[in-house]
């Protein structure tokens with residue numbers, strides 16, 4: 001690529017710094033008109049404070065000093081007015097529940113436009129959380145006495161819940177990972193030393209970046225129908241969805257390796273009459289979060305009151321999944337996103353001679369990924 | 001049936017939604033669902049005469065009637081207001097080059113915004129979606145079929161953090177919509193460019209380099225545009 005081409009390419013990219021700096025003139029022009037407006041004022045106060053705080057994440061030399069100084073003047077002129085106005089704008093109490101619900105919608109979308117729509121919603125949720133976290137940080141830093149304010153404490157409580165949810169369920173926000181990672185890469189490398197509290201607000205960015213790195217999947221769009229990766233006849237289903245002629249050549253794709261022979265594992269019964277069963281699914285979960293699902297079937301056994309705990313990230317806290325039981329078959333239908341995942345199951349109840357893990361697509365089983373036989377214990 | 005409007009463009013006109021059902025879905029999901037409804041009432045002149053944008057029961061009754069082919073005059077009226085805003089945004093997007101293009105499974109897909117702050121997604125020859133992105137309600141677990149719409153005409157989960165007061169059509173309220181829309185669309189553009197899988201084939205130097213228009217400049221441009229049109 002020639003130098004001119006590179007420069008032209010760069011001039012067409014919106015940098016993270018300019019994403020923030022480019023709003024300052026608009027914010028400064030609008031605030032005097034709406035600072036006393038009960039509807040608009042609080043929202044704009046959040047915008048101003050979050051922008052001010054966001055700029056502190058970037059290395060100084062990469063920001064436009066005159067713009068930053070103008071914002072500083074406004075913020076320093078009456079920080080209490082801004083902080084009190086910002087605290088009047090509520091962060092949704094049910095943010096974690098909304099995120100959870102949104103994640104469950106993946107099982108119901110098939111068309112690419114619906115997928116795009118859902119991904120936008122995920123990014124908006126991430127952005128909203130980050131904006132409020134930054135605004136709260138600014139309030140804390142600029143007007144420390146407001147930390148005892150009930151509104152401040154309520155907002156902090158809501159934000160802590162939301163941040164914790166994201167920490168436990170980063171895969172829910174995979175669609176925001178490219179955005180978060182792009183921002184994160186432009187922040188101060190010594191942010192922790194510069195301001196520990198501000199650094200804490202970027203942990204979610206780092207976590208999403210790690211999620212991208214783990215999967216080496218550059219985009220949330222890994223889930224788009226064009227990238228389906230399954231075994232057996234799934235490619236045929238994909239082709240028919242895309243309107244392709246099956247005889248046409250398709251690009252080479254990675255293939256999920258299906259087990260032909262059941263793997264046998266010994267399990268130890270715990271004192272409470274239950275046992276942990278764990279295994280790792282060694283395949284690339286590239287499309288499992290969309291129109292497909294992973295089903296874990298307990299073959300031919302009766303689970304009267306099964307409790308299934310699925311821990312997608314052992315270092316994080318447990319997630320409970322409801323087991324739907326019918327005719328002695330337990331099924332955990334759950335969308336999964338990400339790369340290689342370890343699964344740990346705790347089964348309480350009757351014996352579990354084997355577990356079959358299979359891929360389903362639009363209500364039809366497409367392949368069996370893994371079959372595990374458990375021996376050595378009676379439950 | 002909704003009489004669909006078109007925006008004149010070369011080489012093809014752009015139809016504001018592909019068909020009656022697509023238009024009705026977007027009216028129900030965006031224009032008639034909180035939090036967006038709080039703001040569409042500012043942008044669509046006769047909205048408040050048709051339905052209260054803050055009252056879920058009223059919104060449900062009206063949306064349900066639309067899906068049952070009732071109240072078609074009111075539907076057409078709402079559509080006309082929505083389509084007028086979309087047409088304005090397409091005009092602004094093209095005029096100021098505030099749009100980018102992505103390869104969407106082998107076809108061009110365009111993403112843009114105008115002075116109203118509405119995020120418009122279109123292909124040639126139809127508008128695919130138009131929304132106030134920062135306020136858009138989230139999808140819920142439905143199959144989104146036409147059959148479901150008869151029982152759940154507005155399936156999206158409405159936002160709950162707003163008051164029940166209907167906001168008036170002031171320049172400040174309109175600028176707030178514009179500003180919030182710009183924030184979201186600039187982020188979407190940055191994300192699209194960073195994400196190679198999104199295949200941005202025409203970038204947008206204007207979005208990349210321009211500042212968000214300050215309020216006084218925005219007023220002048222809106223006024224100039226009204227005179228021009």
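The values are calculated or read from the model by the stated rules, or taken from the named source; none is laboratory data. Source: prediction; values computed, not measured. Cβ coordinates were reconstructed from backbone atoms using ideal geometry, including for glycine residues, and neighbour counts include every protein chain displayed.
Please count how many residues of segment B:60-119 are touching a helix residue (DSSP H, G or I) at 6+ places or on another chain (Cβ under 9 Å), closer than 30 Å to residue B:214 by Cβ, within 14 Å of another protein chain (Cβ to nearest Cβ) and assigned to a strand (DSSP E or B).
7
Can you spot a residue in segment A:19-31 that is buried (at least 19 other Cβ atoms within 10 Å of the Cβ), in contact with a helix residue (DSSP H, G or I) (Cβ under 8 Å, 6 or more places away or on another chain), under 15 Å from residue A:83 (Cα atoms) and facing chain B (nearest Cβ under 10 Å)?
So the first thing to find is which residues in segment A:19-31 are buried (at least 19 other Cβ atoms within 10 Å of the Cβ), and the list is A:19-24, A:26-27, A:30-31.
With the extra rule that they be in contact with a helix residue (DSSP H, G or I) (Cβ under 8 Å, 6 or more places away or on another chain), the set shrinks to A:19-24, A:26-27, A:30-31.
Checking the rest, the ones that are also under 15 Å from residue A:83 (Cα atoms) come to A:31.
From what is left, the residues that are facing chain B (nearest Cβ under 10 Å) are A:31.
Yes; the residues of segment A:19-31 include at least one that is buried (at least 19 other Cβ atoms within 10 Å of the Cβ), in contact with a helix residue (DSSP H, G or I) (Cβ under 8 Å, 6 or more places away or on another chain), under 15 Å from residue A:83 (Cα atoms) and facing chain B (nearest Cβ under 10 Å).
Just to be sure before I move on: is residue A:53 at pLDDT 95 or above and within 25 Å of residue A:192 (Cβ to Cβ) in the structure I sent?
Yes; evaluated as a whole, the condition is true for this residue.
Kindly provide the set of residues from segment B:181-207 that are closer than 23 Å to residue B:88 by Cβ, in a helix (DSSP H, G or I) and at the interface with chain A (Cβ under 8 Å from one of its Cβ atoms), ordered by number.
Scanning segment B:181-207 gives B:182, B:183, B:184, B:186, B:187, B:188, B:189, B:205, B:207.
Among the candidates B:212, B:185, B:200, B:222, single out the residue that is more than 19 Å from residue B:39 (Cα to Cα) and touching a residue at least 60 places away in the same chain (Cβ under 8 Å).
The match here is B:200.
Does residue B:171 satisfy the condition of being within 11 Å of chain A (Cβ to nearest Cβ), out of contact with any helix residue (DSSP H, G or I) (no Cβ under 7 Å at 6 or more places or on another chain) and within 27 Å of residue B:45 (Cβ to Cβ)?
no
For residue A:130, which of the numbered conditions (1) more than 14 Å from residue A:50 (Cα to Cα); (2) at pLDDT 90 or above; (3) surrounded by 18 or more Cβ atoms within 10 Å (Cβ to Cβ); (4) more than 8 Å from every other protein chain (Cβ to nearest Cβ) fails to hold?
The failed condition is (1).
Residues that are more than 25 Å from the chain's Cα centre (by Cα), modelled with pLDDT under 95 and more than 24 Å from residue A:128 (Cα to Cα): does segment A:33-49 have at least one?
No, because not a single residue in segment A:33-49 is more than 25 Å from the chain's Cα centre (by Cα), modelled with pLDDT under 95 and more than 24 Å from residue A:128 (Cα to Cα).
What number goes with the only condition from (1) within 13 Å of chain B (Cβ to nearest Cβ); (2) at pLDDT below 95 that residue A:59 does not pass?
Against the list (1) within 13 Å of chain B (Cβ to nearest Cβ); (2) at pLDDT below 95, residue A:59 comes up short only on (1).
Just one of (1) surrounded by 21 or more Cβ atoms within 10 Å (Cβ to Cβ); (2) over 22 Å from residue B:190 (Cβ atoms); (3) at pLDDT 95 or above; (4) within 11 Å of chain B (Cβ to nearest Cβ) trips up residue A:87, so point out which.
(4)
Residues are listed down the side, and each one gets a yes or a no for (1) surrounded by fewer than 19 Cβ atoms within 10 Å (Cβ to Cβ); (2) more than 15 Å from the chain's Cα centre (by Cα); (3) within 14 Å of chain B (Cβ to nearest Cβ):
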| position | (1), (2), (3) |
| --- | --- |
| A:91 | no, yes, yes |
| A:113 | yes, yes, yes |
| A:156 | yes, yes, no |
| A:172 | no, no, yes |
| A:179 | no, no, yes |
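Restrict the check to segment A:162-170 and report whether at least one residue is closer than 12 Å to residue A:91 by Cβ and surrounded by 23 or more Cβ atoms within 10 Å (Cβ to Cβ).
Scanning segment A:162-170 turns up at least one residue that is closer than 12 Å to residue A:91 by Cβ and surrounded by 23 or more Cβ atoms within 10 Å (Cβ to Cβ).
Give the number of residues within segment B:103-127 that are in contact with a strand residue (DSSP E or B) (Cβ under 8 Å, 6 or more places away or on another chain) and crowded, with 19+ Cβ neighbours inside 10 Å.
Looking only at that region, the number is 12.
Right, residue A:124: under 19 Å from the mean Cα position of the chain (by Cα), at the interface with chain B (Cβ under 8 Å from one of its Cβ atoms) and assigned to a helix (DSSP H, G or I) or not? First the steps, then the outcome.
Numbers: under 19 Å from the mean Cα position of the chain (by Cα): yes; at the interface with chain B (Cβ under 8 Å from one of its Cβ atoms): yes; assigned to a helix (DSSP H, G or I): yes.
Taking the combined requirement at face value, the residue satisfies it.
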